[in-house]
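Computed from the coordinates by the stated procedures, all read-outs in this text should not be read as laboratory data. Every value quoted in this text rests on a predicted model; they were computed, and no experiment measured them. We place every Cβ from the backbone using ideal geometry, glycine too, and count neighbours over all the protein chains shown.
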Amino acid sequence: MSTTWHVLGAGSLGTLWAARLARAGLPVRLILRDQARLQAYQAAGGLTLVEHGQACVQAIAAETLDTPTPIKRLLVACKAYDAAQAVAHLAPRLSADAELILLQNGLGSQDAVAAQVPQARCIFASSTEGAFRDGDWRVVFAGHGYTWLGDVSHPVAPPWLDDLTHSGIPHEWSADILTRLWRKLALNCAINPLTVLHDCRNGGLQQHQCEVATLCAELGELLECCGQPAAAQDLQQEVERVIQATAANYSSMHQDVTSQRRTEISYLLGYACKVATRHQLTLPHLFQLQQRLIELLQQRGLPSD
Ligand code: NAP
């Protein structure tokens, strides 16, 4: 009997994973906030995944945070700012050999989660897949990509990666997951805040090449200083390549601000600035960028943390 995949957070990425695992015949249970969300889910009759224009409804089992049954495998699919608190709520339900898979973007939330559950194995993930909600309990699979998984304190891959293979979830075990997360964070810091401040698509940053280059130089210095030289390699070239390849897209941070949603700033640019301060690095443009972004978020009435 396969171990049940408990999925915490039935949002975009959580639904994308849950739907594919369930479609492969694996046991999946969604964990929803409370009784009201559970009733709403049950009334909807399941989760809808839209892939290649085709909608498919799956009546995946669901429960609330307070359901008393034990959890052995937990996929944490909340936003970075919700993850530690939600996991703390579930800590009493985790078995002694529990494993958590953390899908959060950026850095900082993984350590906050791990601190809540010191007995559990925490596996970090970095994904280039893309999904968005176009209705309650309905998710569109928008961008095919890849997910890298790794464990900073235990290099051996878990046997359940086979579940991902059977479910058609493209993935790879990574011995340097922190380097991948740092690299993605640096790319995000060089692009996303500027798209918000200039109110433009990614391609609009081609008009601000000097600003981008200055940020890349400071981010490279930061990565070198915190023991991530591989993540610093050719950073500016990759940033320029991403800007060009995604020129027509609005960044996730731009979309969040436009939709009046809270951003994950504290786990991206905020995290970079915090680590720079800890290393007593002088990175004036990065700090100025953070200040400008915080001011903009406050003007829009959005949380700046
Ligand atoms: P999302 O659509 O906002 O989903 C987050 C879900 O977590 C929501 O359904 C929310 O519930 C739920 N949640 C929050 N606190 C909870 C709690 N205490 N108990 C139960 N459920 C709780 O977010 P997302 O886009 O999937 O992103 C999740 C993470 O993946 C982020 O760190 C993001 O950066 C990363 N990521 C996303 C994508 C993507 O394409 N979406 C790609 C790569 C990485 P409610 O519905 O009740 O609010």
*Kindly express, to the nearest 10 degrees and within the range 0 to 90, the angle between helix 269-278's C-alpha long axis and the longest C-alpha principal axis of the chain.*
70
_Residues of type lysines that residue 274 reaches as a straight line, Cα spacing below 27 Å, ignoring anything fewer than 8 places off in the same chain_ = 79, 184
*In percent, how large is the relative contact order of the chain, given Cα pairs closer than 8 Å and 6 or more residues apart?*
14
*asked:* Relative contact order of the range 1-45, please, whole-number percent, based on alpha carbon pairs below 8 angstrom and at least 6 residues apart.
replied: 43
_Helix-only estimate, please: 222 nm mean residue ellipticity of the chain, summing -39500 (n - 2.57) across DSSP H runs of length 4 or more and dividing by its residues, to the nearest 500._
-13500 deg cm²/dmol
*If you add up the charges near residue 148, with Lys and Arg at +1 and Asp and Glu at -1, over every other residue whose beta carbon is less than 14 angstrom from its beta carbon, what do you get?*
-1
*Average the reciprocal distances over every distinct pair of alpha-carbons in the range 199-248, invert the result, and give the Kirkwood radius in Å.*
11.3
_Projecting each Cα onto the charge dipole of the chain (Lys/Arg +1, Asp/Glu -1 at the beta carbon, about the Cα centre), which of 46, 193, 103 comes out farthest on the positive side?_
46
*Based on the alpha-carbon gyration tensor of the range 179-299, what equivalent-ellipsoid semi-axes (square roots of 5 times the eigenvalues) come out, in whole Å, largest first?*
21, 17, 12
_Relative contact order computed over the range 215-305 (Cα-Cα under 8 Å; 6+ residues apart), in percent_ = 31
_Neighbourhood charge, 11 Å Cβ-Cβ cut-off, centred on residue 48 and excluding it, Lys, Arg +1 and Asp, Glu -1_ = -1
*Order of 112-120, 293-301 by packing, highest average Cβ count within 10 Å first?*
112-120, 293-301
*asked:* I need the Debye-formula profile for the range 210-281: one equal scatterer per C-alpha, no solvent, reported as log10 I(q)/I(0) at q = 0.15 1/Å, two decimals.
replied: -0.62
*Would you mind listing how long the chain runs along its three principal axes, going by Cα atoms, in whole Å with the largest first?*
55, 39, 33
_Orientation-averaged projected area, Cα convex hull of the range 63-158 (nm²)_ = 6.9
*For residue 160, what charge total do you get from the other residues with a beta carbon under 11 Å from its beta carbon, if Lys and Arg give +1 and Asp and Glu give -1?*
-1
